[in-house]
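Q: After the structure tokens below, expect a handful of questions from me.
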Amino acid sequence: MKELDSFDFKNGEVLIFDKPLEWTSFNVVGKIRYKVCRYLGIKKLKVGHAGTLDPMATGLMVLCTGKATKKIEQLQGTEKEYIADLKLGATTPSFDIETEEDAQFPTEHIDLKSVEETLLQFIGEIDQIPPIFSAVKVNGRRAYDMARKGEEVELRSKKITIKEIEVLDFKEQHLKLRVVCGKGTYIRSLARDIGSALNSGAYLTGLRRTRVGEFSVDKAYTIESFCDMIDQAMEQKKKEE
């Protein structure tokens with residue numbers, strides 16, 4: 001990891017963070033922008049992220065500052081890797097733990113062999129319908145705003161690419177997967193579709209993004225460590241003055 005004085009935030013930096021649970025992507029961008037602006041003694045700085053992570057997901061977020069924000073579109077198009085935990089035998093309206101279970105299904109017929117055979121149909125370019133609890137826009141409005149108000153939301157399917165799916169663990173109703181995919185993939189929708197293909201149900205109980213292109217979460221800052229680094233540098237600057 002670079003030392004703080006080697007960063008050039010105005011000309012542009014690509015920063016990687018391990019997003020905590022329940023933080024929105026907007027929260028992360030806002031916090032880092034605030035800290036960097038204070039450190040630089042300025043009021044405004046361009047900061048954007050190269051791909052949203054749901055509040056109930058953790059893991060890698062790529063942020064760009066200053067002129068590096070021009071790289072965001074390119075970074076959004078890179079390959080991503082996730083570790084996903086699924087509960088089999090039930091569904092929720094949001095396809096994750098944000099909402100309560102709304103239906104239960106049998107799982108006695110599901111074994112490791114049937115899981116591995118079913119996953120093969122999701123490799124390659126497939127059609128996927130995004131979750132209604134998502135930031136997809138419908139006639140200028142966010143789908144999740146409409147869904148939370150009980151309004152009917154109809155989303156169109158889109159082409160996405162799944163490059164790899166690996167079973168990491170399978171015990172009774174719990175399935176842990178490693179997924180490598182392209183831009184625009186909703187792992188929540190993938191969980192729903194896997195459950196349906198198994199003649200059962202499934203939803204996400206945990207999701208962690210471990211890689212975006214060449215960037216890996218094991219080399220990322222935590223929000224706390226980055227903010228502490230800035231606070232310590234500002235404290236040192238005060239002492240020197």
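Q: To the nearest 20 Debye, how big is the dipole of the range 80-212 about its Cα centre, given +1 on the beta carbon of each Lys and Arg and -1 on that of each Asp and Glu?
A: Values: 21 positive and 22 negative charges, 167 e Å.
That gives a dipole near 800 debye.
Q: Dipole magnitude of the chain about its Cα centre, charges +1 at Lys/Arg Cβ and -1 at Asp/Glu Cβ only, in debye to the nearest 20?
A: Details: 38 positive and 39 negative charges, 292 e Å.
Once rounded to the nearest 20, the dipole reads 1400 debye.
Q: For 229, 61, what ranking results if the residue with the fewest other Cβ atoms within 10 Å of its Cβ goes first?
A: On the way: 229 16, 61 27.
Taking fewest neighbouring Cβ atoms as first place, the list is 229, 61.
Q: Let a ≥ b ≥ c be the square roots of the eigenvalues of the Cα gyration tensor of the range 80-212; is it rounded (a/c under 1.5), or, if not, prolate (a/b larger than b/c) or oblate?
A: Judged from the Cα gyration tensor, the range 80-212 comes out oblate (a/c at least 1.5, b/c at or above a/b).
Q: Once you have the Cα-Cα distance between residue 70 and residue 224, take 0.36 nm times their residue separation minus that, and quote the gain in nm to one decimal.
A: Additional length available on full extension: 52.8 nm.
Q: Mean residue ellipticity at 222 nm from the helices of the chain, using -39,500 (n - 2.57) per DSSP H segment of n ≥ 4 over the full residue count, to the nearest 500 deg cm²/dmol?
A: So the helix-based figure for the chain works out to -8000 deg cm²/dmol.
Q: Considering only 204, 133, 175, whose Cα is most displaced toward the positive end of the charge dipole of the range 80-212, charges sitting on Cβ of Lys, Arg (+1) and Asp, Glu (-1)?
A: 133
Q: Which angle from 0 to 90°, rounded to the nearest 10, does the C-alpha axis of helix 223-240 make with the longest principal axis of the chain?
A: Here the helix axis deviates by roughly 10 degrees.
Q: I'm a student and want to see the number: the projected area of the Cα convex hull of the chain, averaged over all directions, in nm².
A: Average projection, Cα convex hull of the chain: 14.6 nm².
Q: Ranked by Cβ crowding within 10 angstrom, fewest neighbours first, how are 223, 110 ordered?
A: 223, 110
Q: I would also like to ask the following. To the nearest 10 degrees, how steep is helix 187-197 against the longest Cα principal axis of the chain, on a 0 to 90 scale?
A: Approximately 10 degrees, to the nearest 10.
Q: Ok, one more. If I fit a long axis through the Cα atoms of helix 25-40 and take the longest principal axis of the Cα atoms of the chain, what angle between them do I get, 0 to 90°, rounded to 10?
A: 10 degrees
No value in this document is a laboratory result; all are computed from the given coordinates. This structure is a prediction, so every number in the text was calculated from the model and none was measured. No Cβ is skipped: glycine too gets one built from the backbone with ideal geometry, and neighbour counts run over all protein chains shown.
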